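The values are calculated or read from the model by the stated rules, or taken from the named source; none is laboratory data. Note that the coordinates shown come from a computational prediction; the quantities given were computed from them, not determined experimentally. Cβ atoms come from the backbone with ideal geometry, glycine included; neighbour counts cover every protein chain shown.
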Amino acid sequence: MIYWSRPPYEKWEGGVNLEVRCDAPAICTSGERVYLAGRVGVEGNPHGTTGVYQLERGRVQLVLSMPAGGDSSYPGLISLEPGHLAMSYYSDVAYWSGMVKPRHFDQYQRKRSECDIYLTEFKVGG
């Protein structure tokens, strides 16, 4: 669900069901467009991956999804200039894919693989 408001944030509009998965969301404008990043659904992977949607009132369009691993989310999103975004996020895709051998530290073990933090820059908006 998404709602919107203007300062002083006393009257809210919306309540629109976007009908997409977007866990741990971050929203950012770039130029005249609004982008929504978060954990998105991936067919065959219950964990999903981190992705970016272009957001318009009442609808979304997936514009970017990162390689799917076992766990990936909590993006940070910033517009460097109109039409350019930078996104940070965590993922364990390098370990799940076998590209990097896990370095387990028993005292910190909470799940089966480690995660790394990634930073990507990309163009948006046509």
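Being assigned to a loop (DSSP other than H, G, I, E, B) and surrounded by 15 or more Cβ atoms within 10 Å (Cβ to Cβ) is the filter here, so list the residues in region 22-41 that pass it.
Scanning region 22-41 gives a single hit, 22.
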*Out of region 78-108, which residues are modelled with pLDDT of 80 or more and either within 14 Å of residue 22 (Cα to Cα) or charged (D, E, K, R) (or both)?*
81, 89, 92
*Taking only pairs six or more apart or across chains, which ones have beta-carbon atoms under 8 Å, a first residue in region 1-30 that is among the charged types (D, E, K, R), and a second residue that is in a loop (DSSP other than H, G, I, E, B) and surrounded by 10 or more Cβ atoms within 10 Å (Cβ to Cβ)?*
11/5; 13/5
*Kindly list the number of the only condition in (1) at positive phi; (2) exposed (fewer than 15 other Cβ atoms within 10 Å of the Cβ); (3) in contact with a Phe, Trp or Tyr (Cβ under 7 Å, 6 or more places away or on another chain) that fails for residue 44.*
(3)
*Which of the residues spanning region 1-21 are surrounded by fewer than 11 Cβ atoms within 10 Å (Cβ to Cβ) and either of a type in the set (A, V, I, L, M, F, W, C) or in contact with a Pro (Cβ under 6 Å, 6 or more places away or on another chain) (or both)?*
1, 12
